[in-house]
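Reviewing the structure listed below.
The numbers here are math on the coordinates, done by the rules we state, and not lab data. Just so you know, these numbers come straight off a predicted model, no measurement behind them. Cβ atoms come from the backbone with ideal geometry, glycine included; neighbour counts cover every protein chain shown.
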Amino acid sequence: MTNDWMKERLKNVPLFRELSDHELESLVSISHVRVYKPRTFVFMQGDPLERVYFIHSGTVKIYKTDMNGKEQIVSILQTGEMFPHAGFFLKGTYPAHAEVIEEATLIAIPIADFEQTLICYPELCIKLFRVMGEKIVDLQNRLEEQILHNTYEQIIMLLLRLTKTNAVQQGKLYRLTAHVTNRELANMIGTSRETVSRTLSQLKRKGLIDVDKDGFYLIDAEGLKKEIFF
């Protein structure tokens, strides 16, 4: 990969979008491109925290497991996003698993080198803190949903959240950009696959969701909002 190729890819990462060519050059020198096949791990929960990753293409699932192997999906990440969002300026381990769902091209930067870049460019550090702050707010909102809403409402709120993070708008509908199974949806909110399946069937009958010929969910976001907020 040439320096120009790497620079163009880094420009597509929202965190780096406003950096000058000179600032990007400092990142190019410490960046490495890695390609991962589906169902392979970028890292596993508990591995030494060594690198931060930025997604050029593909889909990566971030999830935690408990002692019994039960899975809790934290997020489904796609082009332009970074992971992990924790562990900077601390020696530690990865807090979750990162598994590739759809073949992914990732830009990897050693944590130690990235931390030095943050020190050299305070404005980049501030942008990173904003991203991490948004993640904290998202986790707080999810906790609130689990406390204040029943499972039916939680599933609707999950679909609405996915329209913001993993979808493109097509007319009045939103098309998810990642294939998500009922099991994965269930693991995002800590419920059973059967409960998700029943709820999705209800929403299909009401015309609030559908599935296109390629297996991607089509979601009527406005209709779902009215289902729980009106």
* Asked: Within straight cross-link reach of Lys135, meaning Cα distance under 20 Å, which lysines are found once same-chain residues fewer than 8 apart are removed?
  -> Lys61, Lys64, Lys127, Lys164
* Asked: In nm, what is the difference between 0.36 nm times the number of residues separating Met44 and Arg130 and their Cα-Cα distance?
  -> 28.4 nm
* Gyration tensor (alpha-carbon) shape descriptor, the range 95-137, a/c threshold 1.5 -> oblate
* To do: Working from Cα positions, state the angle (0 to 90°, nearest 10) between the long axis of helix 193-205 and the longest principal axis of the chain.
  => 70
* To do: Give me the distance in nm between label points sitting 7 Å out from Cα along the Cα-to-Cβ direction at Glu194 and Ile119, one decimal.
  => 5.6
* Provide the net charge surrounding Phe16, with neighbours chosen by a C-beta distance below 13 Å and charges set as Lys +1, Arg +1, Asp -1, Glu -1. => -2
* To do: Straight distance only, please: which aspartates and glutamates reach the Cα of Lys11 with their own Cα at less than 20 Å, same-chain residues fewer than 8 apart left out?
  => Asp21, Glu23, Glu25, Glu81, Asp113, Glu115, Glu123
* Roughly what angle does helix 122-148 make with the longest principal axis of the chain, taking Cα atoms, 0 to 90 degrees, to the nearest 10? -> 20
* **Qualifying aspartates and glutamates (Cα of each under 20 Å from Cα of Lys226; at least 8 residues distant if same chain)** => Glu144, Glu145, Glu153, Asp210
* Structure fact -> Summing -39500 (n - 2.57) over every DSSP H run of at least 4 in the chain, dividing by its residue total and rounding to the nearest 500, the 222 nm mean residue ellipticity is -13500 deg cm²/dmol
* Asked: How many percent of the alpha carbon pairs in the chain exceed a separation of 27 Å?
  -> 39
* Structure fact -> Ranked output for segments 96-107, 36-47 by mean other Cβ atoms within 10 Å, highest leading, reads 96-107, 36-47
